[in-house]
Each structure stands twice: as C-alpha cells, then as structure tokens.
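Working notes, beginning with the structure itself.
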Amino acid sequence: MTVAQTSSMVEWLEANEAKVYGNLIDGEWVNSNSGKTISIYNAAKNNQLLASFQDSNESDVNRAVEAAHAAFKKWSKVPGPDRGAVLYKFADLLERNVDELAYMLSAEQGKTLSESKGEVFRAAKEARFCAGEAFRIEGNTLPGERGNVWNSTVRKPLGVIAAIAPWNFPVVTPVRKIAPALAYGCTVVYKPASVTPWTSVRLMELLEEAGVPNGVVNLVVGSGTMVGDPLVNHPLVKGISFTGSSELGIKINQTAAGRLAKTQLELGGKNPAVVLEYQDASAVAKQIVSAAFACSGQRCTSLSRVIVVKEKKEELTEALLQEMKKINVGPAWEPTATMGPLVNKRHLQSVQNYLKIGVKEGARLLFGGEVLTEGEYSEGAYMHPALLDLVTPNMCVAKEEIFGPVLCVIEVDNKEQALEVANNVDYGLAASIFSTNLSDAFTFADEVEAGMLHINHGTASAAHMPFGGIKQSGAGSYSIGSSNADFFTETKVVYFEY
C-alpha cells in the first residue's frame, strides 16, 4: 500500500510487509555470504517488525570497496555540472517522497513525524547546496617566479569514501556525507547504524532513480566490528567521514593516521547555554528547551547545560519549568506529540543511570525524569524530559554526554565564571549565549571553546554553513558548507612553461 493510499502513519505501517533487504553493491541488491540477518522493530511499538537486513562481514566490505574503486575511474571524469544535475534530481525526489521517508524514519528512530519531515526537507536543502558546489570546484592561478611559467592549483576528487552514520539522524546524516562526495567526484561505501538502516535502503533507491551509476554509492549493513573496522582499514578507502561517539572517532582517527587516510569526524558534545542578560525569560527558555529536547535530546548539538548568573537563576529556572511542562511525550503518529520515545530501552536505561548518578552527586531532580510504562507507553522507551538543578561544574552530569532528554542548570557568580564553566569540558561542538550586551556576546563568541556559536538563539544550524567542532567534538574538515572541499578533494599544483 502506498502513502497516497493511506491516511496515516499507523495504517501505512500496518500495511507494510516486513521484507529482508540485501546490501547494495555495484548496483545489485545482494545477500551477505554470512547467511545472517538483523531485524529492527518500531521504536514506539516494540513488537512491530519493520524489516530485516544483512549482518555483513569483511568480504561484503571488500566487494563494495572494489566496486566503488572501479566506479571512481568513470564517475570522477563526469563533468561537475552533470554530477550536480543528478543531485538536484535527488533533492527533488527526497521532497517528493517526504511522507514515506518520514514514516520510515519515525518508525525506526522514534522522533515525531514533524521532526522527521523536517529532517527530510533539511536533507534536500543540503543536497541542493552540494549540487551547486559541483559547479564551483575552484582552483587558483598565481603569478610565476619566471615570466614564461603559468602557476595554478586544481582540486581533484579524493577517491573512495567510507561514510559511517549514526542512528539519530538516519536521513540527513548520510545525505550530508554522500551528496558532497558525489558532487566532488568521489564514490562511496556507506555503513548505516545497525539500529536504523531502513531509510537508508530508500535513499539508495532514490539515488538510483536520480541517475547515480552502479557502484558509485554502495550500502553495506552490519556491526562496527564486522563492517566498520574493515571499512576503515581498507587500503582503497581514501577518506573516512564518521559521525558518532568521541571514543570511537578517536580510534578511527588513530587507525586512519596509520595509513595516511583522511578523516572527517563529527563527534560528541556537551553544549552550554550561557545566560547573562535578557528582556524576556520565557523567550530564552523557549529557545533553550527547543534545542535541548528536539530528537528527545539525542543529538550532538543538543543544549545540555544551562549556565546562568545567580541573579537570573530563579526566574530562568521557573521559565524553563513552564516551557518543559508543555512537552507532550508520545508516539510519532500522535498529532499532539512533541517528543517521541528514545531509540530503544537500552539507551533509556543509560539515561536513567545518569539521572541516578546526578542525584547521588548532589543535584536535585526538579522536574520530570520518570519512565512511562502505562498503556501504549509500555511498547517503547518513553520518559519525561528531566530538569536537574543544583548542578556543579565538576559533576558527572555536567561533564559527560548523556545524549538524552536531560537538562542541567548550573549557577555562576558572574560572566567570567560562566565562560570558564562553559569551557570546562572535553567537548567543543556548539554553544549558545543569551545577552543583551553586545560586548559580552562578542567576547563569548571569541573565547568560548566551540566550533559553532549561537547568539541569542538555540543550537540550530543552517544547510549552507560549515558544521563541526573542536577538542573531542571533531577533527578534520567541517561538513555541510564549502569546507567540504577540503575533505573530499586533494590539491594538485601545476607549473606550465610556455
């Protein structure tokens, strides 16, 4: 049954026949020679089987990389505008299939339908930006030391790219890696997260429909050990674009460095919202809560620490409470739901453990945190968003990435201490400051240790701006914007004597 023939996500899922999907290698859907499969279930209805996928191994990786390497010889020679035209068509197909993709995304990951549709539209925007970049692969012409020598630099596509994506954004993150790779003339072996591979199958089908030739993009599903490790280690893989935990990113960087492969790493975050001055506490709270609990707090740019000066702490905390009380937890298909379940019950338990640790350390659970188990809530990993106050900068909940719907309030004496506390973590991805004082805002933007700064709004990024972090939040070239060229291409210097 197609999306057009159904009136709701529930009907569409009930009509869906759970299939066993193969890997996509050199344009063919093939089974792994492991003979094993892995199955995924609805995040909001754990007894509903969605689909099964290959539990792949190193031999599957080798086949995919070899196919991508062979395809690179032709794809890299396709003119940039022609590659861009394929990506423009792909972006149109993403938008045309937004309902189906959103149903699949919400089912496998748990986020609300409105969030899923927003993710698909964002993926289309990023694909269009990359399509335009295919027309703008720039080099330089420089004066020569000798009068009869013409000096120039040109950018050449890097080669086979290993694209490794996380489970929290299973549409936009792979597009964020695959689209620029194709724009710059590279080929791809893509490994999705094992818990959210369903939308990846549809992305491959849409890329094929858009005109991507066989072997240019290959899909291999499986574990990090059996697929990720051999992919990172493969001598024909010239670059690894990875989004995930800092711990795993560091290991990938170490492995890649051993054979001088390039890396583009988007890693964890412990993002602060520094609140100094404002005219409207409720407006600030709305920005913070939106940035903290989108995707149920399961995103690397989620605000997780509110660092507020003591004279504003009581008023802001009350405003945060009132805004959080508006959050309605429920399954993706409920029209009133504004926050879905966590991805699975194992991750829910991890978040709950952090809450227990925080309270044990001396924090106060001011609001939320309860696990929801009654009625339809028993079928997913649901919890109320949590607000902790009396948090001090050196507590575990103030230092480590929880990756869930938990917001910590930290009181400071002044703006100098606020900046110190903001930087007192291993991460440096995104940060927000709320202040009516321009001097304080610019000082914060200059001195905070983060890759992306947001002044008087939450941590929402744009489809054409570089995206990345410093410290243990990232390494290598930033993704999304024009900075992608630094990863997906290598420079060649040409001297021409005439």
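Things worth noting here:
- Pair list, Cβ under 6 Å, 6 or more apart: the range 311-333 residue closer than 30 Å to GLU100 by Cβ and assigned by TED's automatic domain parsing to the domain that holds TYR377, other residue among the β-branched types (Val, Ile, Thr) and surrounded by fewer than 21 Cβ atoms within 10 Å (Cβ to Cβ): ILE327/THR338; ASN328/THR336; ASN328/THR338; TRP333/VAL10
- Residues in the range 174-209 that are in contact with an Asp or Glu (Cβ under 8 Å, 6 or more places away or on another chain) and assigned to a helix (DSSP H, G or I): 8 in all.
- Residue, nearest to the chain's Cα centre (by Cα), within the range 476-498, restricted to residues that are aromatic (Phe, Trp, Tyr) and surrounded by 15 or more Cβ atoms within 10 Å (Cβ to Cβ): TYR478
- Considering each residue of the range 481-490 in turn, at least one proves to be closer than 30 Å to ILE137 by Cα, part of a loop (DSSP other than H, G, I, E, B) and in the same structural domain as GLY239 (by TED's automatic domain parsing).
- Options ALA418, ALA450: the member that is within 21 Å of SER290 (Cα to Cα), among the small types (Gly, Ala, Ser) and in the same structural domain as CYS300 (by TED's automatic domain parsing): ALA450
- Top-ranked residue in the range 352-380 [being in contact with a Leu (Cβ under 7 Å, 6 or more places away or on another chain) and under 18 Å from GLU401 (Cβ atoms); ranked as surrounded by the most Cβ atoms within 10 Å (Cβ to Cβ)]: GLY358
- Enumeration of residues in the range 85-125 that are crowded, with 24+ Cβ neighbours inside 10 Å and farther than 28 Å from SER52 by Cα: LEU87
- Subset of the range 76-89 [of a type in the set (Gly, Ala, Ser) and out of contact with any Cys (no Cβ under 9 Å at 6 or more places or on another chain)]: GLY80, ALA85
The values are calculated or read from the model by the stated rules, or taken from the named source; none is laboratory data. What you see is a predicted model, and the numbers here were worked out from it, not measured in a lab. Virtual Cβ from ideal backbone geometry, glycine too; neighbours counted across all protein chains shown.
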